[in-house]
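S.K.: Structure in C-alpha cells, see below.
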Protein chains: 2
Amino acid sequence: MPGFSFQLKKTDGGARLGEIFSAHGNVRTPAFMPVGTQAAVKAMRPDEVRALGTDIVLANTYHLMLRPGAERIAALGGLHRFMNWPYPILTDSGGFQVMSLAPLRKLDAEGVEFRSHLDGAMVTLTPERAMEIQDLLGSDIAMQLDECLKLPAERTDIERAMRLSLAWAERSKRAFEHVKDRALFGIVQGGTEPALRLESARALIDISFPGYAIGGLAVGEPQAAMLAVLDAVGPVLPEHCPRYLMGVGTPEDLLEAVSRGIDLFDCVLPTRNGRHGLAFTRFGTVNLKNARHADDPRPLDPESHCVAARAYSRAYLHHLVKANEILAAMLISAINLAYYQELMAGMRAAIAAARFADFRAEAAEGWARGDLSPLT
Amino acid sequence: MPGFSFQLKKTDGGARLGEIFSAHGNVRTPAFMPVGTQAAVKAMRPDEVRALGTDIVLANTYHLMLRPGAERIAALGGLHRFMNWPYPILTDSGGFQVMSLAPLRKLDAEGVEFRSHLDGAMVTLTPERAMEIQDLLGSDIAMQLDECLKLPAERTDIERAMRLSLAWAERSKRAFEHVKDRALFGIVQGGTEPALRLESARALIDISFPGYAIGGLAVGEPQAAMLAVLDAVGPVLPEHCPRYLMGVGTPEDLLEAVSRGIDLFDCVLPTRNGRHGLAFTRFGTVNLKNARHADDPRPLDPESHCVAARAYSRAYLHHLVKANEILAAMLISAINLAYYQELMAGMRAAIAAARFADFRAEAAEGWARGDLSPLT
C-alpha cells in the first residue's frame, strides 16, 4: 500500500511507539486525534490545532454527508482542502452517529435507513455508500461501516450486531479495494464480552485490514470493562498494524489504553469540556466556572507549552466563562488540546526512553496531587 | 501630560494624520478601535487583534463595573493585564450603555440610578464614580460621563441633556485631575442640531480636555445628519487635540468622517457582523449565509493581509456559518477587522502621500464594483 504504512519502532511493556506514513504526512503514535465533527475542530483554527502538536484529525462522515454533502466536498477538492488541513485525516463510517443521532427507519443486512437530524430527509447508508462517501472526502484513513449498540445490551443483540458488522467489514473492504494510497480499518465489535470480541477480531484479521479499531466502547461501561476488552483483544491483533480505540477518552483512559498497546485515539472531551469551562491540566481537571477562581491572578499552568495556559489569569478565564464569551471556548479548548497532545508526546518520549511505567506513575501522581489550593 | 500626548503630523484637505503617545504605546491616527465590551474582543484572541493592525481597543465601563467589577480588575493589576492586552485602551464612561441596556430608576443632576441587566442590583453612576471606575481599570483614555439620548428627540430634551453633560464634564474633569499619565476626553453632545453642538463644543473647550469626542451619533439618524454635525463642530475643535467619533461606523462612514478631520473610531460592526456571517471586503459586504457561496472554491479576497480571507474558500465559510460553528465567528470577525484596519492604514498612507481624495474615490469604486459574480 504505497500511500499508507505503519512502522512499529519500539515497545515498552505493552506500550508501542510507532509511526503512520500517509499521503498527507506522518502520524507519530500513540496519537490523539481532535474531533472535527463538521470539518472544523470546534473553536479552534486549524493552524492552532497543528501548532499544539496534532498530526491527524478526525471528521465525521455522518455530519458531512448530510451537510455540506460528500459530493460537494469532492467537487471542492476534497476534505483536506475544504477544511484547510493539509495533514492526515481519519473519517469514521457514519455508523455511530446514525445510531446515536438519527431517528432510525430500518436496519437490516443491507444497511441502515434513517432520517437526517437536520431536515428529516430519508437517507440510506450501506457499507458501499459509506466507502463511496469516504472516498469522496478523501480521508487518509477510512473506517468500515459497523453497527454500534448502546451498552448495556443483551448478549444476543451484541452477537447479532457483531456478526452484521463482520459482514459489513467484508463488503466495506470490497467496495474500497479500488481506492489507492488510503487505508481502510476494520472495527472489532462485541460489547464487553471477551469471547465475542475475540471472535470479531479473528474474523477481521482473516478479512485482513491495514489497521484495526476497537469500537463500541466508552459508551457508558466502567473503565475496567473497557480495559478488559483491550486485554482480551490485544494479543491477537497483528503487531505490524495500528490499533485505534474509538471515542476514548479521559487522560487516564489514554494512559491505560497505551499501556495496553493502543496507538490511536479520538475524543470530543478536550474541546467539549473547553466549551463548558472545564480545563485539563497536569494536576487534574479545573472547573473555571467555580467562583474560587474569580480573584485568582495565577495562570492555569505556567509550564504548559500553550500560551493560553500561561498568559491569562484564572480570574480572566473565569470571567470569560461567566460572561459567555466565545474567547472562553477558544482559550480553554486550546489549553485542553495542548494538554492532551503534551500527554501523548510525553508517552511517546517515555516509550522511546523505556520508562513508560515511570511516566505513567508520574502522570497519575500529578492528577492525584490536584489543582493549586485557592488563594487565601 | 507626560503619559499622553497627540501629534498632528500632516493634513490633506480635512483629513488628519497623527499619533497618540500613551504609557502603553502609540496609536497611529486615524485609528479604528475594536470593541472589547466585556474585556474581550468577541471571538478573537488579543494577539490576533494586534497582528491585524490594531493599536488600541475600547472596553465598556458599564459591563466591566457590573462584571467582574472595577475594584476586582484593579486588584488583579488593571485592565491591560486582565485582558492580556499590553497596548493602549480607551474606556467609555458607561453612560451610553446605562441608557440603552439598563432599566433606569432615576436620572438627575447628581447622576443616574439603574438596575443591573445581569442581576437587577441597584447601581449608581455619577461623574465621580465613572472617573473612579476608569481610574481603577487603568485605561489610557477615559471618557467623561454624559447623557445619551435616543434620536430623534425633542430639541428641549436634547438641549437639557447637552447641558447636563456639560455639568458632568466639569465634575468628571475635577474627579480625574489626580490621575497621572492618562487622558480624559470631553464629549460633545447636542443631537443633530448644529447650534447645540457648537455650544457644547465651545463650553467643553473652555473646560479644556486633551481630546474631544463627538457622542450621541450613529444612533439611527441619516448619515448626512451625522456628517453635518462633523462639518459644524470640526472648525471649532482645537487642532492639536485628537477627535473621536463614538460608535461609528461602516467603512463608508469612516472614510467620510476622516475626510472631516476625525482621528478615532470604535464600532461593533466588524465583530458583530462577523458573528452573523456578514463579511466586509474591498468590494463591499458579502453575506456568507447566501446559498450562492455553497459551491464556490474561491477565497473571499486573495489580496487581503488576513490569512482567513485568503486560505479558506467561500464554500467552507458558508458551511461553517450554516453549521453554526464557532470557527465561522472567529474567521469572519478576523476578516472584518483585517479589512477595517487595512482601510485605516490605507487612509493614513494616503494622507501621508497627499492623495486622500484619490484613495477615497478608489475605495468607493471598489465598494461600487461589488463582490465577485457567482460562479456559473
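S.K.: Counting only protein chains, not ligands or nucleic acids, how are A:ASP47, A:ASP146 ordered by accessible area (probe 1.4 Å), most first?
M.R.: The ordering from most to least exposed comes out as A:ASP47, A:ASP146.
S.K.: For B:ALA167, project a label point 7 Å along Cα to C-beta. Then give me every residue of the stretch B:101-136 with its amide nitrogen under 17 Å of that point.
M.R.: B:106-113, B:125-130
S.K.: Got the A:GLY77 label distances to the other copies yet, label 7 Å along Cα→Cβ, in nm, shortest first?
M.R.: 4.3
S.K.: Continuing with this model, one more query. Grab the beta carbon distance between A:THR156 and A:ILE207, set R0 = 22 Å, and tell me the FRET efficiency rounded to 0.05.
M.R.: Working: r = 23 Å, r/R0 = 1.07.
After rounding to 0.05, the efficiency reads 0.40.
S.K.: Along Cα→Cβ at 7 Å, what distances in nm separate the A:ASP157 label point from those on the other copies, shortest first?
M.R.: A:ASP157 label point versus its equivalents elsewhere: 6.5 nm.
S.K.: List the accessible area buried at the contact between A and B, summed over both sides and calculated with a 1.4 Å probe, in Å² to the nearest 100.
M.R.: What A and B bury together is about 3100 Å².
S.K.: Moving to a separate point now. Run a plain Debye calculation on the stretch A:109-208 (Cα atoms as equal point scatterers, no solvent) and give log10 I(q)/I(0) at q = 0.11, 0.12, 0.13, 0.18 Å⁻¹, rounded to two decimals, same order as the q list.
M.R.: Summing over Cα pairs of the stretch A:109-208 leads to -0.35, -0.42, -0.49, -0.88.
S.K.: Can you tally the net charge around A:SER139? Count Lys and Arg as +1, Asp and Glu as -1, for every other residue whose Cβ sits under 13 Å from the Cβ of A:SER139.
M.R.: -4
S.K.: Please list log₁₀ I(q)/I(0) at q = 0.19, 0.20, 0.23 Å⁻¹ for the stretch B:311-369, using the Debye equation with identical point scatterers on the alpha-carbon positions.
M.R.: -0.76, -0.79, -0.88
S.K.: Kindly state, to the nearest 0.05, the FRET efficiency for B:ALA349 paired with B:GLU221, given R0 = 35 Å and r defined as their beta-carbon distance.
M.R.: Computed FRET efficiency for B:ALA349 and B:GLU221: 0.70.
S.K.: Working out 0.36 nm times the residue gap between A:ARG310 and A:ASP108, then minus their Cα-Cα distance, what length gain in nm do you get to one decimal?
M.R.: Residue separation times 0.36 nm, minus the Cα-Cα distance, leaves 67.5 nm.
S.K.: Out of the GluC sites (Glu not before Pro) in the stretch A:241-328, which ones are loop residues according to DSSP with at most 13 other C-beta atoms within 10 Å?
M.R.: Filter output for the stretch A:241-328: A:GLU303.
S.K.: Taking a point 7 Å out from Cα toward Cβ as the label site, list the nm distances between B:ALA352 and the same residue in every other copy, smallest first.
M.R.: So the label point of B:ALA352 gives 4.6 nm to the other copies.
S.K.: Can I ask one more? Heads up, I need the accessible area for B:GLU170: 1.4 angstrom probe, whole protein in place, Å², nearest 10.
M.R.: Rounded to the nearest 10, the figure is 100 Å².
S.K.: Quick check on chain B: helices-only [θ] at 222 nm, where DSSP H runs of length 4 and up contribute -39,500 (n - 2.57) each and the sum goes over total residues. Nearest 500, please.
M.R.: -12500 deg cm²/dmol
S.K.: Contact order normalised by length for the stretch A:131-255, with contacts defined as Cα pairs under 8 Å and 6 or more residues apart; what percent is it?
M.R.: Reported as a whole number, the value is 24 percent.
S.K.: Spin-label point model (7 Å from Cα, Cβ direction): what's the A:LYS289 to A:ASP181 distance in nm?
M.R.: About 4.7 nm, to one decimal.
S.K.: Further question on the same structure: Please compute the contact order of the stretch B:122-187 in relative form: average sequence separation of alpha-carbon pairs under 8 Å and at least six residues apart, divided by the residue count, as a percent. Working shown, then result.
M.R.: Numbers: 70 pairs, mean separation 31.0, N = 66.
Averaging sequence separation for qualifying contacts and normalising by length gives 47 percent for the stretch B:122-187.
S.K.: Can you figure out the FRET efficiency of B:HIS276 with B:ASP231, using R₀ = 45 Å and their beta-carbon distance, to the nearest 0.05? Don't skip to the end; give the middle numbers.
M.R.: Numbers: r = 33 Å, r/R0 = 0.72.
The computed FRET efficiency comes out at 0.85.
S.K.: Out of all DSSP beta bridges with both ends in chain B, state the antiparallel percent to the nearest 5.
M.R.: Percent antiparallel among DSSP bridges in chain B is about 50.
S.K.: Next question, about the same structure. Can you give the Kirkwood hydrodynamic radius of chain A from its Cα pairs, in Å with one decimal?
M.R.: After inverting the pairwise mean of 1/r, the radius is 21.2 Å.
S.K.: Still on this structure, I have one more. For the stretch A:172-240, count the residues as N, evaluate 2.2 N^0.38 Å, and divide the Cα radius of gyration by that value, please.
M.R.: 1.18
S.K.: Two-decimal Rg/Rh of the protein assembly as shown from alpha-carbon positions, Kirkwood Rh?
M.R.: Across the protein assembly as shown, the Cα-based Rg/Rh ratio is 1.05.
S.K.: Starting from one equal scatterer on each C-alpha and no solvent at all, send me the Debye-based log10 I(q)/I(0) for the stretch B:17-165 at q = 0.08, 0.10, 0.15, 0.17 Å⁻¹, two decimals.
M.R.: -0.24, -0.37, -0.81, -0.99
S.K.: Can I ask one more? Roughly what percent of Cα-Cα pairs across the stretch B:254-361 reach past 22 Å?
M.R.: Here the tail beyond 22 Å accounts for 34 percent of pairs.
S.K.: Have a look at the DSSP beta bridges in the protein assembly as shown and tell me what percent are antiparallel, nearest 5.
M.R.: 50 percent
S.K.: Sticking with this one: Please state, to two decimals, what the Cα-based radius of gyration of the stretch B:209-305 comes to when divided by 2.2 N^0.38 Å (N = residues).
M.R.: Values: Rg = 16.8 Å, N = 97, 2.2 N^0.38 = 12.5 Å.
Scaled against compact globular proteins, the figure is 1.34.
S.K.: Then there's this: Of all trypsin sites (Lys or Arg not before Pro) in the stretch B:119-164, which ones are in loop regions per DSSP and have a Cβ with at most 14 other Cβ atoms within 10 Å?
M.R.: B:LYS150
S.K.: Let me ask something else. Using only C-alpha atoms and all pairs of different ones, pull out the Kirkwood radius for the stretch B:28-95 in Å with one decimal.
M.R.: Every distinct Cα pair counted, the radius reaches 12.1 Å.
S.K.: A follow-up question, please. Which residue in B is nearest the B/A rotation axis when you measure from the C-beta atom, and what is the distance in Å?
M.R.: Rotation axis B onto A, closest Cβ, rounded to whole Å: B:ILE326, 3.
S.K.: Would you be so kind as to identify all helices of chain A, as entire DSSP H runs, whose Cα atoms reach 27 Å or more along the helix's own axis and whose mean Kyte-Doolittle hydropathy is at least 0.0? Present the calculation step by step, with values, prior to reporting the outcome.
M.R.: On the way: long enough: A:155-176 (31 Å, -0.73); A:326-352 (39 Å, 1.28).
The qualifying helices are A:326-352.
S.K.: Please give, to one decimal in nm, the separation of the simple spin-label points placed at B:ARG81 and A:ALA51, each 7 Å out from Cα toward the Cβ.
M.R.: Roughly 2.5 nm, to one decimal.
S.K.: If I take every Cα pair under 8 Å that is 6 or more residues apart in the stretch B:240-376, average their sequence separation and divide by the length, what percent do I get for the relative contact order?
M.R.: Relative contact order here is 26 percent.
The values are calculated or read from the model by the stated rules, or taken from the named source; none is laboratory data. Computed from a prediction, not measured in an experiment: that's the story for all the values here. Methodologically, a virtual Cβ is constructed for each residue, glycine included, from the backbone with ideal geometry; neighbour enumeration extends over all protein chains shown. We work out accessible area using only protein heavy atoms, side chains counted, and drop any ligands, DNA or RNA first. Shrake-Rupley method; radii C 1.70, N 1.55, O 1.52, S 1.80 Å.
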